[in-house]
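The values are calculated or read from the model by the stated rules, or taken from the named source; none is laboratory data. As the structure is a prediction and not an experimental result, all values here were calculated from the model. Cβ atoms come from the backbone with ideal geometry, glycine included; neighbour counts cover every protein chain shown. Heavy atoms of the whole protein, side chains included, go into the accessibility calculation; ligands, DNA and RNA do not. Shrake-Rupley method; radii C 1.70, N 1.55, O 1.52, S 1.80 Å.
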Amino acid sequence: MPGTRGPRAAVFAGLLLLALSLLFWKLRILDTGVDLELTLANIDLYDSHYPMMRFGFDALREGRLPLWNPWQFAGEPFLAAYYGGLFYPHNALHLVLPVALAIEVSGALHMLLGAAGMTALARRLRLDWPGALLAALTFVWSGWFVFSTNQ
């Protein structure tokens with residue numbers, strides 16, 4: 001009996017997790033990100049993250065390795081700073097998508113991967129499916145995770 005119920009419960013849990021994560025992404029992150037008024041919820045995205053990603057990946061598309069960023073913080077090392085993330089595999093999206101769309105896709109992908117990873121961990125720790133889903137949602141909806149999506 002548990003063998004036949006397991007795959008069905010896993011599919012249902014995955015679909016529920018995906019739907020809730022996308023809803024959260026729209027309400028908490030996308031809606032605050034497209035607000036043109038600068039607030040504490042979106043200032044890092046507009047003042048720091050978007051310009052850095054655009055600068056770094058524009059340079060890579062032009063065939064240059066951006067060692068120095070003269071446009072932010074009165075000039076700073078760019079390649080040595082972790083927040084540009086040029087060599088982070090998921091940021092390869094920025095090479096083929098417009099920067100704003102790549103930020104969205106990357107954030108949603110990280111949320112989905114984080115939720116899937118936490119669900120797998122919770123199941124490995126022998127939590128039932130509702131408990132695993134709750135653990136996954138608590139993780140990806142936490143302030144730390146939301147704050148870290150741009151890092």
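Laid out as a table, the results:
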| item | result |
| --- | --- |
| Cα gyration tensor category, rounded, prolate or oblate, for the stretch 56-151 with a/c compared to 1.5 | prolate |
| FRET efficiency, R8 to Y88 (Cβ-Cβ, R0 35 Å, nearest 0.05) | 0.45 |
| Rounded to the nearest 10 Å², the accessible area of T119 at probe 1.4 Å | 20 Å² |
| Accessible surface, per residue, of the stretch 64-126 when the full set of protein chains is kept, probe 1.4 Å, Å² | 62 Å² |
| Difference of contour (0.36 nm per residue) and Cα-Cα distance, L101 to F145 | 13.9 nm |
